[in-house]
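The values are calculated or read from the model by the stated rules, or taken from the named source; none is laboratory data. Computed from a prediction, not measured in an experiment: that's the story for all the values here. Methodologically, a virtual Cβ is constructed for each residue, glycine included, from the backbone with ideal geometry; neighbour enumeration extends over all protein chains shown.
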Amino acid sequence: MVLGVAWLATLGPVIMDFSKLTWAFHLYNTHHRWQGDIDTGPQLVEIQTLRKLREMGSVACFYKLQLGSSTDHEERVERVDMQKVFQEFAGVFEPSSNLPPPRATNHSISLVSNAKLLSVCPYRYPHF
């Protein structure tokens with residue numbers, strides 16, 4: 001038994017239907033049936049309406065406030081397009097596990113041994 005819900009034992013048999021969001025039980029020879037709200041998803045509401053509901057004491061809590069914009073759909077479409085690119089070129093986007101492969105031309109910077117330091121301000125010497 002779950003702690004803190006011993007009062008449920010006073011209801012006797014309880015029938016719960018999670019697909020229809022119902023909860024039925026008998027209490028004091030009376031049949032009770034509770035019906036859950038069907039989730040309608042988030043809905044936009046104006047701030048004036050929220051203030052009025054709060055003043056009336058009709059709001060128990062606020063879950064989430066978010067500004068809607070027309071770019072939300074565009075961003076989702078762009079992400080889907082990018083997913084297609086990632087799938088098509090999956091090998092390109094895999095993280096590298098070794099050093100780069102050898103190239104036909106080896107680009108390197110040759111260092112002069114025993115060279116002295118330059119004593120000029122950066123970017124102040126003439127171009128060659």
### Task
Return a yes/no flag: does the range 41-52 have any residue that is in contact with a helix residue (DSSP H, G or I) (Cβ under 8 Å, 6 or more places away or on another chain), surrounded by 10 or more Cβ atoms within 10 Å (Cβ to Cβ), farther than 30 Å from residue 11 by Cα and modelled with pLDDT of 80 or more.
no
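Taking the options 63, 125, name whichever one is loosely packed, with under 10 Cβ neighbours inside 10 Å, modelled with pLDDT under 80 and within 30 Å of residue 41 (Cα to Cα).
Unique residue meeting the criteria: 63.
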